[in-house]
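The values are calculated or read from the model by the stated rules, or taken from the named source; none is laboratory data. The model shown is predicted, which means the values in this text are computed figures rather than measured ones. Here the Cβ positions follow ideal geometry from the backbone for every residue, glycine too, while neighbour counts run over all protein chains shown. These area figures cover heavy atoms from the full protein model, side chains too; ligands, DNA and RNA do not enter into them. Shrake-Rupley method; radii C 1.70, N 1.55, O 1.52, S 1.80 Å.
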Amino acid sequence: METPPATQGSNHSQISPTPTDTEAVDPLDNPPVPIVANLGVENGHDGPLTAVQNGLAIRVNGSVSMDVIQRDKTHFTQFVDAGNEGKFIVVYITLKNMNINSNQLSSLEIHLRDNQGRMFERVQTIHEDFIISLWAEDRGLFNPRDLIPPKTSVETVIVFRAIPDVQPWEMLVGDQVFPINPSPAP
């Protein structure tokens, strides 16, 4: 029995792209996943991932506080402002999808709690979420709104609006607690 030649467009006739310094090729033909070498934050990428919810695991890599999140790769002024009484707390994380199906960061129940017990939600308005997603991509981070391919780890951010009068904070993900001690943005 003769094996038919590979047809154009089949997986057998395509050559896998060579990974670059900024992306990794997923063997399951998923889109490249950005890898971040330098986040500009104190904490590193060492330490274990902690299983949280919905087949996802997290490691906190660092955090910063910011007044404004603004894109710098555009001809238009696109920014979000934390407001007069607040700050953005940007938490840099490694997020791993341990499922056999794609998953999203938005599937997690995530809050920020200060040492007075006040709870803060992550930024979720459509406009702010969109600008923050583009800002993250500008920095080589995985878009926090995108689906995470199965069995894949990504570097991304979670952004909260908080009142910065007390520290430290804790990020609550399901029943897991992660200490958050943001430094001012450079």
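What to note about this one:
- Looking only at segment 114-152, and only at residues there that are closer than 15 Å to L95 by Cβ and in a strand (DSSP E or B), the one that is most open to solvent (accessible area, probe 1.4 Å): R122
- G140 vs. criteria over 25 Å from M119 (Cα atoms) and of a type outside the set (S, T, Y): yes
- Residues located in segment 153-186, provided they are out of contact with any Gly (no Cβ under 9 Å at 6 or more places or on another chain), surrounded by 21 or more Cβ atoms within 10 Å (Cβ to Cβ) and not hydrophobic (A, V, I, L, M, F, W, C): T156
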